[in-house]
Amino acid sequence: MAKTPPPPRFSPDTIKFLRAVGRNNDREWFKARKDQYDAQVKAPMVAIVEALDRDFRAFAPELEANPKKSIYRIYRDTRFSADKTPLKTHIGAYFPHRDLGKANGAGLYLHIEPKMTMFAGGLYAPMPPQLRALRGYIADNASRFRSIVEAPAFTRTVDWEGEVQTRVPRGYPTDHPAADYLKCRRFVGWAEHPAAFATTDEFYPTLIKAFRLLLPLVRFINEAMLATRRMEIR
């Protein structure tokens with residue numbers, strides 16, 4: 001009987017290469033080592049994204065996992081940044097809703113850097129129309145939203161980042177049942193592990209577990225975005 005292949009993961013060489021990028025953040029340095037990057041950093045990520053594509057069909061068919069679209073390039077966009085270093089010192093991949101894309105909804109995210117491994121999901125920086133739509137949806141579905149982000153399994157495994165403002169937004173009573181969440185300007189859950197965790201056989205099963213826990217939050221946000229889109233079409 002053929003042995004079941006081990007789950008996809010990164011290698012110690014992945015972490016080592018990303019650490020080296022931090023010490024040698026230079027285009028010419030990277031250009032001379034592009035093949036090394038492809039083999040040690042990008043190839044493992046491609047294998048993981050391909051595995052997620054298969055697994056998403058079972059529990060998150062609305063999310064897209066595609067190596068060509070999901071994996072972020074290593075080159076930084078420095079046009080509007082004071083930091084002109086050209087290279088990222090991490091590799092990340094994002095898995096958006098198929099109908100909303102990267103810019104218009106929530107998704108799941110995988111991030112590997114020399115200091116940590118991170119699994120995340122949600123909406124990091126909503127534009128004002130998105131934020132208004134999501135706040136309205138939370139206000140109308142307060143108990144359901146609380147049941148997602150306050151579920152014991154969620155709070156045991158995932159940290160929550162809301163980046164709250166001081167006051168409840170205009171138009172909502174200060175004693176609204178979801179007042180603390182209506183103040184949020186960011187809607188992200190994440191779980192962190194040491195960087196070396198990404199090199200173990202436990203990495204991929206733990207990634208799947210975290211993504212399953214984050215999925216209800218992602219779906220709630222995307223319901224709000226899709227509802228707004230349908231109203232705009234009418």
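Some notes on this structure:
- Given (1) touching a residue at least 24 places away in the same chain (Cβ under 8 Å); (2) touching a helix residue (DSSP H, G or I) at 6+ places or on another chain (Cβ under 8 Å); (3) closer than 22 Å to residue 12 by Cβ, number of the condition residue 86 does not satisfy: (3)
- Checklist (1) closer than 14 Å to residue 89 by Cβ; (2) touching a Phe, Trp or Tyr at 6+ places or on another chain (Cβ under 8 Å) applied to residue 8, failing item: (1)
- Scan of the stretch 7-40 for residues that are touching a residue at least 60 places away in the same chain (Cβ under 8 Å) and closer than 20 Å to residue 199 by Cα, ordered by number: 7, 8, 9, 10, 11, 12, 14, 15, 18, 19, 21, 22
- Residue satisfying all of: in the stretch 100-157; part of a helix (DSSP H, G or I) and basic (Lys, Arg); least open to solvent (accessible area, probe 1.4 Å) among these: 135
- Residue within the stretch 160-180 that is of a type outside the set (D, E, K, R), under 18 Å from residue 106 (Cβ atoms), within 21 Å of the chain's Cα centre (by Cα) and buried (at least 18 other Cβ atoms within 10 Å of the Cβ) present: no
- The set of residues from the stretch 54-66 being outside any loop (DSSP other than H, G, I, E, B) and within 15 Å of the chain's Cα centre (by Cα) comprises 56, 63.
- Across the stretch 54-80, the number of residues qualifying as open to solvent by 80 Å² or more (accessible area, probe 1.4 Å) and among the acidic types (Asp, Glu) comes to 1.
- Among the residues making up the stretch 193-210, a single one is part of a loop (DSSP other than H, G, I, E, B) and polar (S, T, N, Q): 200.
- Residue count, the stretch 199-232 (criterion: without any contact (Cβ under 8 Å) to a residue 24 or more places away in the chain and of a type in the set (Asp, Glu)): 2
- Residue within the stretch 25-41 that is open to solvent by less than 80 Å² (accessible area, probe 1.4 Å), among the polar types (S, T, N, Q), in a loop (DSSP other than H, G, I, E, B) and at pLDDT 95 or above present: yes
- Within the set 117, 166, the sole residue that is among the hydroxyl-bearing types (Ser, Thr, Tyr) and closer than 30 Å to residue 14 by Cα turns out to be 117.
The values are calculated or read from the model by the stated rules, or taken from the named source; none is laboratory data. In this text, all values refer to a predicted model and were calculated from it rather than measured experimentally. Cβ sites come from the backbone with ideal geometry, for glycine too, and all protein chains shown count toward neighbours. Remember, those area values only see protein heavy atoms, side chains included, never the ligands or the DNA or RNA. Shrake-Rupley method; radii C 1.70, N 1.55, O 1.52, S 1.80 Å.
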